[in-house]
Amino acid sequence: MAKVTEHLSNTQGKPVFSIEIIPPVKGSNIDDLLKSIEPMMELKPPFIDVTFHREEYILKNLPDGGSKEIKIRKRPGTVGICASILHKFNIDPVPHVLCGGFTKEETEDLLIDLNYLGIENVLALRGDYARPYNSFKAKKDGHFYANELVGQINDMNNGKYLHEEAEYLNASNFCIGVAAYPEKHFEAPDLDQDIENLKRKIAAGADYVVTQMFFDNQKYFDFVNRCRAEGITIPIIPGLKVLATKKQLDVLPKLFYLDMPEAFRKEVMACENDKHAKQLGIEWCVQQCRELIDFGVPALHFYTMSKSDTTLAVARQVF
Ligand code: FAD
């Protein structure tokens with residue numbers, strides 16, 4: 001098994017095909033998930049990201065007329081899925097590890113489990129807000145920003161655990177990825193500030209970057225050029241999503257704070273049905289991939305939502 005950065009540097013100049021999948025809703029069968037991603041194995045992804053979904057809070061009505069806040073996790077299972085990917089496909093899994101919902105001790109325990117499983121890669125993230133709240137809250141004694149989490153993982157890579165005095169602790173060996181936003185993270189006042197904060201993650205020990213999805217390549221090109229001008233030298237992997245329905249024209253910009261190029265929007269709006277919209281989504285993404293390959297990207301990373309059809313339709317044309 002290898003680190004993501006090793007996979008990126010062993011490609012003879014060609015970009016790597018990689019994917020992100022999401023755990024199924026609680027109570028589902030892992031075989032269904034693995035079957036859904038199996039068709040993409042023909043493209044031999046060297047690593048597969050598995051998202052992490054923190055707790056949510058719902059209000060449950062009580063018989064006495066009151067209500068009680070209940071904590072639920074709709075999509076647990078990230079670590080188990082990673083272990084299955086490793087053993088079934090012999091592919092490096094990349095579990096997403098969050099600040100949100102974890103104390104530092106819980107993070108340490110999770111990292112120890114991953115280390116014992118032979119998982120050598122993680123994507124370190126702050127994490128989404130816990131629904132239905134509309135701001136990020138860290139757990140007491142948890143991390144607030146991803147750079148702090150990267151620092152903890154990097155400490156473990158140097159044999160430094162929490163609250164330990166012993167000098168010769170077994171060091172982990174994680175390759176650490178972090179997120180970045182070509183169209184700016186929605187909370188950052190401007191892109192300059194956001195890039196400064198990306199630099200904090202790199203200074204803390206991040207080895208590579210994966211971007212939020214974008215539909216306008218120019219946003220990615222400008223972002224990479226600005227990062228390079230700021231002295232960021234680590235790989236910046238573009239994240240791609242194939243538009244599959246007309247509704248996603250509105251949903252994706254709202255969820256991920258991105259711009260849909262006007263020409264693409266108009267074309268998709270004119271579609272009679274989702275089948276046609278999906279076809280246009282595939283063609284748009286193929287064109288994006290071709291331009292990104294010409295730009296010299298290290299990988300094309302697809303947000304698959306654990307469905308293979310659109311990603312395969314694109315990847316078969318560009319790899
Ligand atoms: P951070 O890097 O901590 O940044 C968050 C905000 O704070 C930014 O505006 C940044 O500019 C600012 N900031 C950062 N550091 C500092 C600092 N030290 N001081 C002041 N300001 C600072 N969410 C999930 O819940 N699960 C997932 O599996 C998941 N996977 C993702 C994968 C990718 C590739 C991407 C791009 C996003 C993913 N997300 C996931 C969403 C992500 O958790 C959210 O976008 C979150 O709001 C920010 O995470 P981050 O790691 O970029 O945060």
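Overview of values
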| quantity | calculated |
| --- | --- |
| Some residue of segment 106-122 being open to solvent by 50 Å² or more (accessible area, probe 1.4 Å), under 27 Å from E69 (Cα atoms) and either within 8 Å of the ligand (Cβ to nearest atom) or assigned to a loop (DSSP other than H, G, I, E, B) (or both) | no |
| Residue within segment 162-185 that is out of contact with any Ser or Thr (no Cβ under 8 Å at 6 or more places or on another chain), basic (K, R) and farther than 23 Å from T5 by Cα present | yes |
| Elements of type helices (runs of 4 or more DSSP H) contained in segment 133-249, each with 1 or more residues being open to solvent by 10 Å² or more (accessible area, probe 1.4 Å), in contact (Cβ under 8 Å) with a residue 12 or more places away in the chain and basic (K, R) | 191-204, 217-229 |
| Of all residues making up segment 1-48, the number that are small (G, A, S) and closer than 18 Å to H87 by Cβ | 2 |
| Scope segment 31-56; condition away from the ligand (no atom under 16 Å from the Cβ), among the charged types (D, E, K, R) and under 22 Å from G239 (Cα atoms); matching residues | E38, E42, K44 |
| Residues located in segment 306-319, provided they are within 20 Å of Y220 (Cβ to Cβ) and part of a helix (DSSP H, G or I) | T310, T311, V314, A315, Q317, V318 |
| Search result, residues across segment 277-305 that are aliphatic (A, V, I, L, M) and either open to solvent by 60 Å² or more (accessible area, probe 1.4 Å) or not in a helix (DSSP H, G or I) (or both) | V297, A299, L300, M305 |
| Members of segment 10-51 that are open to solvent by 30 Å² or more (accessible area, probe 1.4 Å), of a type in the set (S, T, N, Q) and without any contact (Cβ under 8 Å) to a residue 60 or more places away in the chain | N10, Q12, S28, N29 |
| From the options D155, D190, residue that is modelled with pLDDT of 95 or more, within 11 Å of the ligand (Cβ to nearest atom) and among the acidic types (D, E) | D190 |
| Subset of segment 130-148 that is within 8 Å of the ligand (Cβ to nearest atom) and of a type outside the set (S, T, Y) - its residue that is farthest from A171 (Cα to Cα) | F136 |
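The values are calculated or read from the model by the stated rules, or taken from the named source; none is laboratory data. A quick note: this is a predicted structure, and the numbers were derived from the prediction, not measured. So basically every Cβ, Gly included, is an ideal-geometry build from the backbone, and we count neighbours across all protein chains shown. Keep in mind that these areas ignore ligands, DNA and RNA; they rest on the heavy atoms of the full protein, side chains included. Shrake-Rupley method; radii C 1.70, N 1.55, O 1.52, S 1.80 Å.
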